[in-house]
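Novice: Would you mind keeping the following structure in view while I ask a few things?
No lab work stands behind these numbers, since they all come straight from the coordinates. Quantities reported herein were computed from a predicted structural model and do not represent experimental measurements. Please note: Cβ atoms are built from the backbone with ideal geometry, for glycine as well, and neighbour counts cover all protein chains shown.
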Amino acid sequence: MDLRNIRKEFGGWRGARSWTALTDVDLSVETGEIVGILGPSGCGKSTLLNIVAGLETQYDGEFTIQGKTIEQQIEAGFRVAYVFQEARLLPWRTVRGNIEFALKASKFPQNESRVRVDRILELVELSKFAHFYPQQLSGGMQQRVSIARAFAIEPDILLMDEPFSALDEMTAQHLRESLLKIWSAFRTTIVFVSHNALEASFLADRVMIMSHGPAGTIRQEISLAGVRRPRSYDDLDLIEKSRAVVSALRKHSGRSDPVHA
């Protein structure tokens, strides 16, 4: 996946001035890699995810996946999954029903659904809750279903926009571990947005630091290649890398207040 010289400008509404969300963004992501994007609010992180998802199509620059546009790839069967801050589950469907709905929408054969759902529920440790409805689950469990639903369709790229920000830290830590457990089984390419330096360091192979908006761009790359997998929150190398991420955020955010570590 390659983005070159990406620039995104939003037009003014009812006479308001237009503004530039992204400028000169270059990013390459290898197949099976996990890349985190961090930066202050308003720097264009979510806009960048929407471009990769194919939701935002009006921009300057070039975005290709193996030499083809995202539209060409999706037409050829390429799958993109998106996990948001909220679980966004269908309240009238059970846990199993929510995952089956995603499989049906992605045109998976119906005779594959049960085996596929059983496997993913086991990976996220929700097999006993297959027939529960979302309102019967905690926030953390709902987000686990959301992650399971995303992986069930075996996406070529999984996008995540601060998926754990609404959870308490202990629940978020458990879900990050669950996410990496599933990723190790599928080796899906993941691009995610976060404000949490430790979270980004725990999950990612590389962390991209964006400058403050408007006209945000990628200013620095921090590699996590030296931090072994499976990851541990007690790993001193991980803690040191997370400090480097915090330092980079402070440097490029244009702000002097503390950054969430």
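Novice: Do you know the relative contact order of the stretch 1-115, to the nearest whole percent, from alpha carbon pairs under 8 angstrom that are 6+ apart?
Specialist: 24 percent
Novice: On to the next question. Just to be sure I understand: with springs between alpha-carbon atoms less than 10 Å apart, which residue in Arg243, Arg149, Arg114 has the highest mean-square fluctuation in the Gaussian network model of the chain?
Specialist: Of the options given, Arg114 has the highest mean-square fluctuation.
Novice: Does anything in the stretch 83-107 have its amide N under 16 Å from the 7 Å Cα→Cβ label point of Ser127, and if so which residues?
Specialist: Answer for the stretch 83-107: 96.
Novice: Once Rh for the stretch 1-97 is found with the Kirkwood sum over Cα pairs, what is the Stokes-Einstein diffusion coefficient at 25 °C and 0.890 mPa s, in µm²/s?
Specialist: For the chosen part, D equals 158 µm²/s.
Novice: Separate question: Can you tell me the convex hull volume per residue for the stretch 79-155, based on C-alpha atoms, in Å³ to the nearest whole number?
Specialist: About 79 Å³ per residue, rounded to a whole number.
Novice: Please give the helix 236-253 orientation as an angle from the longest Cα principal axis of the chain, in degrees from 0 to 90, rounded to the nearest 10.
Specialist: For helix 236-253, the angle is close to 50 degrees.
Novice: Let me confirm the definition first: pairs of Lys residues in the chain, 8 or more apart or on different chains, C-alpha distance under 19 Å. How many are there?
Specialist: 4
Novice: Nearest 10 degrees, 0 to 90: what angle lies between the long axis of helix 110-123 and the longest principal axis of the chain (Cα atoms)?
Specialist: Roughly 70 degrees, rounded to the nearest 10.
Novice: Follow-up. Restricting everything to alpha-carbon atoms, can you work out Rg to Rh for the stretch 148-261 with a Kirkwood hydrodynamic radius?
Specialist: When Rh is taken as the Kirkwood radius, the ratio is 0.96.
Novice: Hey, could you pull the Cα Rg and Dmax for the stretch 44-128, both in Å?
Specialist: 15.9, 48
Novice: Let me ask something else. Under 18 Å from the 7 Å Cα→Cβ point of Arg229, by amide nitrogen: which residues of the stretch 148-162?
Specialist: 148, 151-152, 154-160
Novice: Taking each pair of different alpha-carbon atoms in the chain once, compute 1/r for the pair, average those values, and report the inverse of that mean as the Kirkwood hydrodynamic radius in Å to one decimal.
Specialist: This gives a value of 19.2 Å.
Novice: Gap in Å between the Cα centre of the stretch 191-260 and the Cα centre of the stretch 54-110?
Specialist: Each part reduced to its Cα centre gives a spacing of 27 Å.
Novice: Now, a different point. Multiply the residue separation of Glu9 and Lys68 by 0.36 nm, subtract the distance between their alpha-carbon atoms, and state the gained length in nm to one decimal.
Specialist: 18.9 nm
Novice: Please state, as a whole number in µm²/s, the translational diffusion coefficient that the Stokes-Einstein equation yields for the stretch 128-184 at 37 °C and 0.692 mPa s, with Rh defined as the Kirkwood radius across alpha carbon pairs.
Specialist: Rounded to a whole number, D works out at 271 µm²/s.
Novice: For the chain, what is the mean residue ellipticity at 222 nm derived from helices alone (per DSSP H run of n ≥ 4: -39500 (n - 2.57); sum divided by total residues; nearest 500 deg cm²/dmol)?
Specialist: -11500 deg cm²/dmol
Novice: Over all directions, how big on average is the projection of the convex hull of the alpha-carbon atoms in the stretch 39-93, in square nanometres?
Specialist: Averaged projected hull area, Cα only: 5.8 nm².
Novice: Please compute the modelled spin-label separation between Arg79 and Glu154, points set 7 Å along Cα→Cβ, answer in nm with one decimal.
Specialist: 0.7 nm
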